[in-house]
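Working notes, structure below.
Read-outs: derived from the displayed coordinates by stated rules, not from any lab. Since the structure is predicted, the reported quantities are computational estimates derived from the model, not experimental observations. A quick note on method: Cβ atoms are made from the backbone with ideal geometry, for glycine too, and the neighbour counts reach across all protein chains shown.
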Amino acid sequence: MSQEANPFESLQEQIDDAAAYLDVRGDVIERLKNPERVLETNLSVEMDDGDIGVFRAYRSQFNGDRGPYKGGIRYHPGVTRDEVKALSGWMVYKCAVVDIPYGGGKGGIVIDPSDYSETELERVSRAFAKELRPLIGEDRDIPAPDVNTGQREMNWIKDTYETLENTTAPGVITGKALSNGGSEGRVEATGRSTMLTAREAFDYLDRDIEGATVAVQGYGNAGSVAAKLIEDLGATVVAVSDSSGAVYNPDGIDARDVKQFKNETGSVSGYRDTEALTNDELLTLDVDLLVPAALENAIDGELAREVQADMIVEAANGPLTPEADEVLTGRDVHVLPDILANAGGVTVSYFEWVQNRQRFYWTEERVNDELERIIVDAFDNLVEAYETHDLPNFRTAAYVVAIRRVVDAYDSSGNWP
Ligand SMILES: NC(=O)C1=CN([C@@H]2O[C@H](COP(=O)(O)OP(=O)(O)OC[C@H]3O[C@@H](n4cnc5c(N)ncnc54)[C@H](OP(=O)(O)O)[C@@H]3O)[C@@H](O)[C@H]2O)C=CC1
Ligand SMILES: O=C(O)CCC(=O)C(=O)O
């Protein structure tokens, strides 16, 4: 196994790769490779047994040239400062690819939520919200869900912020429950843009998604929704996985039923009529479409040499190392990058924020129509850059489009002081 790539260095390499095709000054590119600020804090929280638990937490505000910082909050034992910095940078370029008026931010707490009770998690979330309060706000920085967080955590953070600020400001955070100012379609949005990206890519490459075989690594919010929506297009999901391992059936796995099974049992392992595989075995299956939907660095250079899929659509952030990218580009495996494919989450977060600001709520049909328009337009812009500049792959094309937009915003406002 090669040494694990540092996600922040991967982000910087991706920016450099695209910058080679852009006429942008080196000092400006350097500015776009580093966060504006990072909060690092240690949360002291009373546990159910009366002891104090100490949890390291971060919020990185990477770049605000195009609007308020925006991006999720992750609860995971593997969270590091560099991971959060990378994730916040990916948010900048993601928001630029889909052309929504945000910069990028990201937060994380070093915690395995499965080790704590609901009341402990509430106190941890509220303690983090208190630390975040001076940094966030409807026009400043707007958090959202990510790995191991969802409506419940967003509701707690919103309530803490509003209580301490003595106001109502539902747009301070997105991904809330519908009863708390959330948007229709937000839960499904990340998987929906993954499906739309796959659909557009199959069409562009003259391939048929109907009947295509699909493997999905990670069966949480992003992966399970992507699987069921891709299945609805007529594809066959043959393998899915979570942290317990993978399950495989060449004749197909019912995407909704296996999710139901996971909800009931806690994992996909043991699902009926399947063979158990490791995650690495899933990632190297001979399928038409591979959807990594778990964490960073799922495929490194070594594993990339064994990948048999024709196409990879990244639902996760940063699932391929730069070395994997190089290997897959050389092998003509098409990779549709995270900053397009999973941008549905932040796009519907944007819709949620707009609805919160207007106190006027949309139907699910309107949300999904607007999302489809934005993802299809973004895909078309990416393809145009790919063809016009004869770029090596779709990731570089996405960064070329995105960096240009961020630089345009920076250039037109000027530097201060
Ligand atoms: N939620 C959102 O709106 C967005 C999420 N994303 C990205 O999508 C990815 C997944 O996030 P999300 O679906 O929200 O998170 P969830 O917490 O809902 O799901 C994560 C899934 O990944 C699985 N997993 C974790 N570690 C491994 C591993 N080593 N091997 C295989 N599977 C693993 C988890 O397994 P288990 O169930 O066993 O814990 C779980 O099924 C992340 O990269 C995230 O940043 C991107 C855009 C928006
Ligand atoms: O919905 C959002 O604002 C951000 C979601 C997110 O964290 C991501 O796209 O990685």
Debye-sum result for the stretch 188-336 in log10 I(q)/I(0), which assumes one identical scatterer on each alpha carbon, at q = 0.09, 0.17, 0.18, 0.20 Å⁻¹:
-0.23, -0.86, -0.97, -1.21
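If you wrap the chain's Cα atoms in a convex hull and average its projection over all directions, what's the area in nm²? Don't skip to the end; give the middle numbers.
On the way: hull surface 80.2 nm².
Orientation-averaged projected area of the Cα hull: 20.0 nm².
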Pop out the ³J(HN,Hα) list for the stretch 344-358 in order, Karplus 6.51 cos²θ - 1.76 cosθ + 1.60 with θ = phi - 60°, rounded to Hz; leave Gly and Pro as x.
x, x, 6, 5, 6, 4, 4, 4, 4, 5, 4, 5, 4, 5, 8
List the residues whose amide H sits under 5 Å from the amide H of VAL240, counting only those 5 or more places along or on another chain, with H placed 1.01 Å from N in the peptide plane.
VAL216, VAL247
Could you give me the ³J(HN,Hα) list for the stretch 382-396, computed from phi with Karplus coefficients 6.51, -1.76, 1.60 and θ = phi - 60°, whole Hz, x at Gly and Pro?
5, 5, 4, 5, 4, 6, 4, 9, 6, 7, x, 7, 6, 5, 4
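Report the net charge of residues surrounding ASN249, where surrounding means a beta-carbon distance below 10 angstrom and charges are Lys +1, Arg +1, Asp -1, Glu -1.
Values: positive: ARG272; negative: ASP251, ASP254, ASP273, GLU275.
That works out to -3.
State, as an integer percentage, the relative contact order of the stretch 35-171 based on alpha-carbon contacts under 8 Å between residues 6 or more apart. Intermediate values should be presented prior to the final figure.
On the way: 279 pairs, mean separation 36.9, N = 137.
Relative CO of the stretch 35-171 lands at 27 percent.
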Dipole axis of the stretch 188-336 (+1 Lys, Arg; -1 Asp, Glu on Cβ), positive-most option in TYR271, ALA298, GLY234:
TYR271
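Mind checking the dipole of the chain: about its Cα centre, +1 per Lys or Arg Cβ, -1 per Asp or Glu Cβ, Debye to the nearest 20? Mind dumping the intermediate values first?
On the way: 39 positive and 76 negative charges, 332 e Å.
Computed charge dipole of the chain: roughly 1600 debye.
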Simple label model, 7 Å out from Cα along Cβ direction - VAL376 to ASP82, nm
4.2 nm
Ordered by packing density, taken as the mean number of other Cβ atoms within 10 Å over each peptide's residues, highest first, how do 396-406, 145-155, 252-262, 341-351 rank?
341-351, 396-406, 145-155, 252-262
I need the phi-derived Karplus couplings for the stretch 309-317: 6.51 cos²θ - 1.76 cosθ + 1.60, θ = phi - 60°, integer Hz, Gly and Pro marked x.
5, 7, 9, 10, 10, 7, 7, 6, 8
Considering amide H positions built from the backbone, and no H for Pro or chain starts, which residues 5 or more places from LEU336, or on another chain, come under 5 Å of its amide H?
ILE312, VAL313, GLU314
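How high is the relative contact order of the chain, in percent, counting Cα pairs under 8 Å that sit 6 or more residues apart? Numbers along the way, then the final one.
Details: 894 pairs, mean separation 70.3, N = 417.
Here the relative contact order equals 17 percent.
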A student asked for the Cα radius of gyration and Dmax of the stretch 251-379 in angstrom ought to give 17.8, 51
With labels modelled as points extended 7 Å from the Cα through the Cβ direction, what inter-label distance (nm, one decimal) is found for SER179 paired with GLU9?
4.8 nm
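Provide the packing ranking of 205-216, 183-194, i.e. peptides ordered by the mean count of other C-beta atoms within 10 Å per residue, highest first.
Values: 205-216: 17.9, 183-194: 26.0.
Order by mean packing, descending: 183-194, 205-216.
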Proxy exposure order for SER179, SER10 (fewest C-beta within 10 Å first) is SER179, SER10
Check which residues have an amide H placed less than 5 Å from GLY71's amide H, if you skip close sequence neighbours.
GLY105, ILE142, ALA144
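Compute the relative contact order of the stretch 227-309 as a whole-number percentage, counting only Cα pairs closer than 8 Å that sit 6 or more residues apart in sequence.
Numbers: 104 pairs, mean separation 21.0, N = 83.
Once divided by the residue count of the stretch 227-309, the mean separation gives 25 percent.
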Antiparallel DSSP bridges in the chain: what percent, to the nearest 5?
50 percent
Restricting to bridges with both residues inside the stretch 217-342, how much of the DSSP beta-bridge set is antiparallel, in percent to the nearest 5?
45 percent
Could you give P(r) for the stretch 35-171, binned at 10 Å from zero, as whole percent values over all Cα-Cα pairs?
13, 45, 34, 8, 1
Quick one: dipole size for the stretch 35-171, taken about the Cα centre, charges +1 on Lys/Arg Cβ and -1 on Asp/Glu Cβ, in debye to the nearest 20.
600 debye
Distance between Cα centroids, the stretch 179-202 to the stretch 347-395: provide it in whole Å.
10 Å
For GLU306, put the label point 7 Å out on the Cα→Cβ axis and report which residues of the stretch 255-293 keep their amide N under 15 Å from it.
277-287
